[in-house]
1. Considering only segment 310-328, state which residues are surrounded by fewer than 21 Cβ atoms within 10 Å (Cβ to Cβ) and not in a loop (DSSP other than H, G, I, E, B).
2. Kindly check whether there is at least one residue in segment 158-175 that is within 32 Å of the chain's Cα centre (by Cα), surrounded by fewer than 13 Cβ atoms within 10 Å (Cβ to Cβ) and closer than 26 Å to residue 106 by Cβ.
3. Considering only segment 291-298, I want to know if a residue exists there that is within 25 Å of the chain's Cα centre (by Cα), modelled with pLDDT of 90 or more, within 28 Å of residue 325 (Cβ to Cβ) and assigned by TED's automatic domain parsing to the domain that holds residue 362.
4. For a quick check of your reading: which strands (runs of 3 or more DSSP E) sit entirely within segment 345-447 and have at least 3 residues that are modelled with pLDDT of 85 or more and within 22 Å of residue 514 (Cβ to Cβ)?
5. If a residue must be of a type in the set (Ser, Thr, Tyr), under 29 Å from residue 281 (Cβ atoms) and surrounded by 13 or more Cβ atoms within 10 Å (Cβ to Cβ), how many such residues does segment 349-388 contain?
6. Mind checking whether some residue in segment 495-502 is under 36 Å from the mean Cα position of the chain (by Cα), part of a loop (DSSP other than H, G, I, E, B), assigned by TED's automatic domain parsing to the domain that holds residue 422 and more than 19 Å from residue 545 (Cβ to Cβ)?
7. For residue 484, work out the one condition from (1) part of a loop (DSSP other than H, G, I, E, B); (2) closer than 26 Å to residue 382 by Cα; (3) in contact with a Lys or Arg (Cβ under 8 Å, 6 or more places away or on another chain) it doesn't fulfil.
8. Restricting to segment 197-232, what's the tally of residues that are over 19 Å from residue 130 (Cβ atoms), under 42 Å from the mean Cα position of the chain (by Cα) and polar (S, T, N, Q)?
Amino acid sequence: MQELSEHLQGILKTLPSKPGCYIMKNAAGEVIYVGKAVNLRNRVRSYFHASTELNIKTLQLVQRIADIEWIIVGSELEALILEMNLIKKHRPRYNIRLKDDKRYPYIKVHWAMPYPKITVTRQMENDGSRYFGPYTSVWAVHQTLDVLRRIFPYLTCDRQITGKDARACLYYDIKLCSGPCIGAIDQLRYRQIIDDFCQFLQGHTEPIVSRLRQEMEQAAEELRFEQAAVIRDRIQAIDRVVEKQKVISSEEMNSDVIAMARSNGEACVQIFFIRSGKLVGREYFILEGTEQEADGEIITHFITQFYNQATNVPEQLLLPQEIEEARIIREWLRTRRNCQKVELSVPREGTPSELIQMAAENARETLRALRAQWDSDTNRQSQALAELQQAMALPQPPNRIECFDISNTQGTAAVASMVVFEQGVPSKKYYRRFNIQTVCGPDDFASMEEVLTRRFRRWQSAQEASKLGKPPDPSFALLPDLLIVDGGKGQLGRAVSVLEQFGLGDKVPVAGLAKQQEELFLPGRSDPLVLPRHSQGLYLLQRIRDEAHRFAITAHRNKRTKLGMASRLEQVPGIGPARRRELLRRFGSIEGIQNASIDQLMQIKGITETLAYELKHLLED
């Protein structure tokens, strides 16, 4: 048993012998592992008593444990559900977890609306909508919707549907909307189209085609030949899509086929969706934290995390091997399927076994292709960092780069952004926004000085917190290997001044990146550094600068929205109380001012052409 602190020894002595979840934290208070147990006392203590039986990954985990919390639950099923939710919330470093699971897109059918529209979202809400997914590629989702919209012409606009609009939009003219806004289709028939859309996504095509054939024949008998032709075209479009779906079995089986491939610490799970005996789709998912974990453990974690957010659970899962917690997972899946039975099967022969092999081969090919892409990206990033080190004569590759940008409109709602790149890729968890507090008017230089001062004060606070054993703010605890300010010599001068105030003038390399010519200004150098036009180093700097600009603009617009239109009008230099009153009297509202032309605005006494353009820019941006 390793040497334990008194704090940990006290926790191990008081652990209850009941089912529940345990949460392990490091010295900074960060959650690094979440687990579940039928007996918390026995499970948690085993980490510290069986060190010779632990793999390297678990040994590293144990060495970093500084605190343990636990939550008692009433059953194994409750422990499983709680563990899933805690992993999703904290994304602990040492747990097996789906990569980027927070960002998977879904198709959303706004079923609660009288005339449901269809959108793509990354957030499921309990709002009466129907969701389909998750998918791994938003591009693939839109490709799917492009095809289905020609079969099931649905709404995407925000019109209030009354059926009495004078004219429809372009989508109706090109047959990508059924035109409920002009009464071209009634609510009942429109909702039937959207229900068919949902059934189609679930793989239930036969009932749709059968009903459409009856409607087509009825329309023909009633001499509504144009309507019959529309239905005929829809049937043919459905048939063309269905023809591409591989027939797997003559049986009407609904199954998900799950298989896996592993390479260099990465695991790729491939899942085939079989509906009514046809392969209707497939997705792959990458899992992190799989090093030295057993295959069965990885499959188990995939099932729990995927079906915890999946919108459909079939009656059967085909697995490549037995899993240890099959009973409790089967019970949980049953609750996800509205108390209907779910079978976990490991096929040994026949078509199901061939499907497992096919999914495994797809997983291997996917992982091989991704590995080549990752290696290529890593090489480019390494090359970019090496080029920057050489060009700027840095002591080491700038593995942590921070970039700052200022965004405001005539000095109002001023906001600064701080973005962080590590190893050449964004580390968004370290991004921060700053509301400018001490600067009045459009003074970007003073704003930059304020923000950098606040940033390095927080670095000092982080150092003091570490000395006291308190967790520091990870965004500010480390110094950058390269500090970039968006701007030329003026911004660079302010940055150098701030670094010298904190005694960091010789510790933190700094540069100013000018927008127009992509010139890099360095301290003590009169001429700017110009990197080769197509160098990886320049591409990386452009990406970092653009990301800082995007992040600042987003924060600025959000702040302006909160201020409100009227208060923004008050902030326009040159628009005093008298002119505000005259503008509102003449045009009636903020919206009226927005819609006014430059010439109309200039009719207000004292408003010049320049001021009119500034006013329009402020209100329309």
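The values are calculated or read from the model by the stated rules, or taken from the named source; none is laboratory data. All of these numbers come straight from a predicted model, not from anything done at the bench. Cβ: placed from backbone, ideal geometry, glycine included. Neighbour counts: every protein chain shown.
1. Passing the criteria: 316, 326, 327, 328.
2. yes
3. yes
4. Where strands (runs of 3 or more DSSP E) fall fully within segment 345-447 and carry at least 3 residues being modelled with pLDDT of 85 or more and within 22 Å of residue 514 (Cβ to Cβ), they are 400-409, 412-422.
5. Summing the residues that are of a type in the set (Ser, Thr, Tyr), under 29 Å from residue 281 (Cβ atoms) and surrounded by 13 or more Cβ atoms within 10 Å (Cβ to Cβ) in segment 349-388 gives 3.
6. Looking through segment 495-502, none of the residues is under 36 Å from the mean Cα position of the chain (by Cα), part of a loop (DSSP other than H, G, I, E, B), assigned by TED's automatic domain parsing to the domain that holds residue 422 and more than 19 Å from residue 545 (Cβ to Cβ).
7. So the condition that residue 484 fails would be (1).
8. Number of matching residues: 1.
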